[in-house]
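S.K.: To start, I am sharing the structure in question, which I have written as structure tokens.
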Amino acid sequence: MLHDNSITYKVYGKYALFTDPLTKIGGEKFSYDIPTYSALKGITESIYWKPTFVWIIDEVKIMKPIQTQSKGIRPIHYHDNSNDLSIYTYLYDVEYLVKAHFEWNENRSELAGDRNENKHWDIAKRMVERGGRRDIFLGTRECQGYVEPCDYNQPSIPYAGISERSLGVMVHGITYPDEQTEPEYAGKITVRLWKPVMRNGIIRFERPDSPNIITRVIKKTDYKIFTAGKNFSGLSEFDTEEG
């Protein structure tokens, strides 16, 4: 489904590391086969974001074969000068087409005056053309990514003929208090799990508030309040910069 305020873009890079948390226990890191919802949300927020709205990732299309490459990494030790060698397994030569749309963050009632859908959408599309407002990372900082506009109707050549491929249980993402939609999770940070299925190279994501998502509470916390003219500039910063 294409929403009225949807954007599509291509993101690619030489390496990606969408870490499976189960592999971090011994100091190693191993990437999931596909990007997580939260990783794509972070990339989309690096293109353009305001606390007024929340990006919803609709789907991702896998455009290159899933392949991995392992490297020996020396983690930084801040408490001593010892050296360790860890094995990180990265995805190699990745390219994805992403479809996303934004929705107003109803928990941010103090920003209701910034809800100008057309202007936010226009800015988001221009930021895609410029490669994003901030640096793009594919799961982790050492994996530089690049964003550009795309023709989203392209097929996923490597997986177009595979009607269904289950990818097991994966982390979907983390929901912070200001994005919670269920009253029972108000003021809490939660982690989400799900079972993605790739069909013809496309993964269609469940929404963070979907009943098919497994949710667990991490901790309770408060969130920052934004005040226009004090610690939030709204759309006014773009009046001269973007036109």
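The values are calculated or read from the model by the stated rules, or taken from the named source; none is laboratory data. Because the structure is a prediction, the values reported are computed rather than measured. Note that we place each Cβ from the backbone using ideal geometry, even for glycine, and neighbour counts take in every protein chain shown.
S.K.: Confirm whether P75 is out of contact with any Gly (no Cβ under 8 Å at 6 or more places or on another chain), of a type outside the set (K, R) and in a loop (DSSP other than H, G, I, E, B). Step through it out loud before you land on a result.
M.R.: Values: out of contact with any Gly (no Cβ under 8 Å at 6 or more places or on another chain): no; of a type outside the set (K, R): yes; in a loop (DSSP other than H, G, I, E, B): yes.
No; evaluated as a whole, the condition is false for this residue.
S.K.: Going through R126, R108, R130, R74 one at a time, which residue ends up being among the basic types (K, R), modelled with pLDDT under 95, surrounded by fewer than 21 Cβ atoms within 10 Å (Cβ to Cβ) and more than 13 Å from the chain's Cα centre (by Cα)?
M.R.: Details: R126 fails: modelled with pLDDT under 95; R108 fails: surrounded by fewer than 21 Cβ atoms within 10 Å (Cβ to Cβ); R130 fails: modelled with pLDDT under 95.
Sole residue among the options that is among the basic types (K, R), modelled with pLDDT under 95, surrounded by fewer than 21 Cβ atoms within 10 Å (Cβ to Cβ) and more than 13 Å from the chain's Cα centre (by Cα): R74.
Every residue, every condition in (1) of a type in the set (A, V, I, L, M); (2) part of a helix (DSSP H, G or I); (3) on the phi < 0 side of the Ramachandran plot; (4) crowded, with 17+ Cβ neighbours inside 10 Å, yes or no:
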position: Y9; (1), (2), (3), (4): no, no, yes, yes
position: Y15; (1), (2), (3), (4): no, no, yes, yes
position: G26; (1), (2), (3), (4): no, no, yes, no
position: D33; (1), (2), (3), (4): no, no, yes, yes
position: S46; (1), (2), (3), (4): no, yes, yes, yes
position: W49; (1), (2), (3), (4): no, no, yes, yes
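S.K.: Which pairs turn up if I take residues in the stretch 131-148 that are on the phi > 0 side of the Ramachandran plot and without any contact (Cβ under 8 Å) to a residue 60 or more places away in the chain and look for partners that are surrounded by fewer than 13 Cβ atoms within 10 Å (Cβ to Cβ) and outside any strand (DSSP E or B) with beta carbon separation below 8 Å, at least 6 apart in sequence or on another chain?
M.R.: Close Cβ pairs (under 8 Å, with a partner that is surrounded by fewer than 13 Cβ atoms within 10 Å (Cβ to Cβ) and outside any strand (DSSP E or B)) do not exist here.
S.K.: Which of the residues belonging to the stretch 149-170 are in contact (Cβ under 8 Å) with a residue 40 or more places away in the chain and either farther than 28 Å from T23 by Cα or out of contact with any strand residue (DSSP E or B) (no Cβ under 9 Å at 6 or more places or on another chain) (or both)?
M.R.: P149, C150, Y152, Q154, P155, S156, I157, A160
S.K.: Of the conditions (1) surrounded by 14 or more Cβ atoms within 10 Å (Cβ to Cβ); (2) touching a helix residue (DSSP H, G or I) at 6+ places or on another chain (Cβ under 6 Å), G187 fails just one. Which one is it?
M.R.: (1)
S.K.: While we're looking at this one, here's another question. Assuming K195 fulfils every condition listed in (1) modelled with pLDDT under 95; (2) touching a Gly at 6+ places or on another chain (Cβ under 8 Å); (3) surrounded by 13 or more Cβ atoms within 10 Å (Cβ to Cβ) apart from one, which condition is it?
M.R.: (1)
S.K.: Going by the structure shown, is S82 modelled with pLDDT under 95, outside any strand (DSSP E or B) and among the small types (G, A, S)? Please lay out each step first, then the result.
M.R.: On the way: modelled with pLDDT under 95: yes; outside any strand (DSSP E or B): yes; among the small types (G, A, S): yes.
Yes: the conditions hold for S82.
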